[in-house]
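Each remark here refers to the structure printed beneath this line.
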Amino acid sequence: MTENSEFRPLPEATGVPVAHLHRETPAVFRGMASDWPAVSTWTFPYLASLAPSLPVQLVAGNREKDRTAFTRSTLGEYLEPLTRDSSADHDQTYLKEFDLLKQFPGLRGDLRHERMFPRGSVSSCSSWIGPARARTGLHHDLLDNFAVQIAGTKRFYLARPGTVERAGALSTKYDSWARLSRVGIAELAADGDPAAGDDFFAVDLEPGDVLYVPARWWHEVVNLSAGILLSGFFGSRMRVASLWARVRLRDTLHRAGLLSPENCTCHAERRGAQHQ
Ligand SMILES: [Zn+2]
């Protein structure tokens, strides 16, 4: 798919992010995080220097839509080619859902997250680090998210809740904290009702931009250049607790082989296995 988007640009939001949450529609806050120390100091060489030989698991390709496969590397080995040329060809492996702050707790001091999350909410933060064209297939999350672009440019394609469901395109592939689509956003938009022009949006995030992605809003995400994104998922204590119980139960069933065995984003697919 080309990245020439004909989707409607997501309108820019003003004011503080928490004021938008009740609308339950995506909103982009330009430059909201541009004064975070992370945006000026987190380069690929800097992150690599923290623990070059740290083993990391990489996701190969678009595991949300296609086959799930992993490769192994080290932080230094993975980040080195990203360092050399942010637009260089690179095999499409992606360091995603990486718990950067757990690995390097000192990096918390470079963030100003407390400004964004609503009071009393529970949040969890992880990072997406990858080359140009690294892609996360169409899915929606179970929790609200503030995505903070730290480095590089990233495009989010967004589709209103219900669009994948109405197209009969829900995937049977299992993911613990998300629901997946069988088709990509371009295919979904092409097959959709042309009158439903308000269902699809696109937005390009630059370093320092913050995007609010409400739970249940479908999104497909692609790096326009090598980049670093921090995702902060959050919810009220009660919502997170009730979701957590459901997610744990489903995950226990999955790991026992009773729910979508071998058709998931968490276990590598055997070659030749056929899945939708
Ligand atoms: Zn699995």
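Test GLY208 against the criterion of being within 16 Å of the ligand (Cβ to nearest atom) and part of a loop (DSSP other than H, G, I, E, B), and give yes or no.
Answer is no for this residue.
Filter the stretch 1-22 down to the residues that are touching a strand residue (DSSP E or B) at 6+ places or on another chain (Cβ under 7 Å) and either at pLDDT below 85 or assigned to a loop (DSSP other than H, G, I, E, B) (or both) and list them by number.
Across the stretch 1-22, the qualifying residues are GLU3, SER5, PHE7, LEU10, ALA13.
Among the candidates LYS102, LYS96, which residue alone is outside any loop (DSSP other than H, G, I, E, B), in contact (Cβ under 8 Å) with a residue 12 or more places away in the chain and of a type in the set (Lys, Arg)?
Exactly one residue qualifies, and that residue is LYS96.
Right, ALA33: part of a loop (DSSP other than H, G, I, E, B), buried (at least 17 other Cβ atoms within 10 Å of the Cβ), at pLDDT 95 or above and of a type in the set (A, V, I, L, M) or not?
Answer is yes for this residue.
Would you say SER176 is surrounded by fewer than 23 Cβ atoms within 10 Å (Cβ to Cβ) and within 16 Å of the ligand (Cβ to nearest atom)?
When the stated conditions are applied, SER176 passes them.
Just to be sure I understand, how many residues within the stretch 23-57 are among the hydrophobic types (A, V, I, L, M, F, W, C) and touching a strand residue (DSSP E or B) at 6+ places or on another chain (Cβ under 7 Å)?
Total meeting the criteria: 10.
Being over 20 Å from ALA33 (Cα atoms), assigned to a loop (DSSP other than H, G, I, E, B) and not hydrophobic (A, V, I, L, M, F, W, C) is the filter here, so list the residues in the stretch 216-269 that pass it.
Listed by number, the residues that qualify are ARG216, GLY257, SER260, PRO261, GLU262, ASN263, THR265, HIS267, GLU269.
Can you list the strands (runs of 3 or more DSSP E) found entirely within the stretch 128-182 that contain at least 2 residues being within 26 Å of LEU79 (Cβ to Cβ) and within 11 Å of the chain's Cα centre (by Cα)?
Of the strands (runs of 3 or more DSSP E) lying wholly inside the stretch 128-182, those with at least 2 residues that are within 26 Å of LEU79 (Cβ to Cβ) and within 11 Å of the chain's Cα centre (by Cα) span 135-141, 144-151, 154-159.
State whether one or more residues within the stretch 189-204 are out of contact with any helix residue (DSSP H, G or I) (no Cβ under 7 Å at 6 or more places or on another chain), closer than 24 Å to SER127 by Cα and in a loop (DSSP other than H, G, I, E, B).
no
For residues in the stretch 217-276 being at positive phi and within 12 Å of the ligand (Cβ to nearest atom), which is surrounded by the most Cβ atoms within 10 Å (Cβ to Cβ)?
SER260
Test ALA27 against the stated conditions and say whether it is within 27 Å of LEU170 (Cα to Cα) and either over 20 Å from the mean Cα position of the chain (by Cα) or among the hydrophobic types (A, V, I, L, M, F, W, C) (or both).
When the stated conditions are applied, ALA27 passes them.
The values are calculated or read from the model by the stated rules, or taken from the named source; none is laboratory data. Keep in mind it's a predicted model, so treat the numbers as computed, not measured. A quick note on method: Cβ atoms are made from the backbone with ideal geometry, for glycine too, and the neighbour counts reach across all protein chains shown.
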